[in-house]
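Structure record follows, encoded as structure tokens.
The values are calculated or read from the model by the stated rules, or taken from the named source; none is laboratory data. Because the structure is a prediction, the values reported are computed rather than measured. Here the Cβ positions follow ideal geometry from the backbone for every residue, glycine too, while neighbour counts run over all protein chains shown.
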């Protein structure tokens with residue numbers, strides 16, 4: 001847990017380039033969608049080497065921009 005927090009802090013201190021990360025999130029989701037496989041926020045966080053909380057914030061941004069939408073319920077949706 002401490003490692004994830006430190007990674008988040010490092011991202012803030014560095015040249016935080018959320019746009020490129022957001023584009024990577026969209027590509028990874030689409031890539032997995034083509035394979036009929038869902039990808040979790042934890043998997044995205046591991047691939048992009050950021051905290052899962054960061055991925056959740058980025059997904060919220062994508063939803064606000066209407067570039068991503070949730071289908072179904074919180075429990076069984078995607």
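Numerical summary
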| quantity | calculated |
| --- | --- |
| Residues located in the range 26-48, provided they are part of a loop (DSSP other than H, G, I, E, B) and exposed (fewer than 10 other Cβ atoms within 10 Å of the Cβ) | 35, 36, 37 |
| Any chance residue 48 is out of contact with any strand residue (DSSP E or B) (no Cβ under 7 Å at 6 or more places or on another chain) and modelled with pLDDT under 85 | no |
| Candidates 56, 61, filtered to the one that is part of a helix (DSSP H, G or I), under 17 Å from residue 77 (Cα atoms) and free of Cβ contacts under 8 Å to residues at least 60 places away in the same chain | 56 |
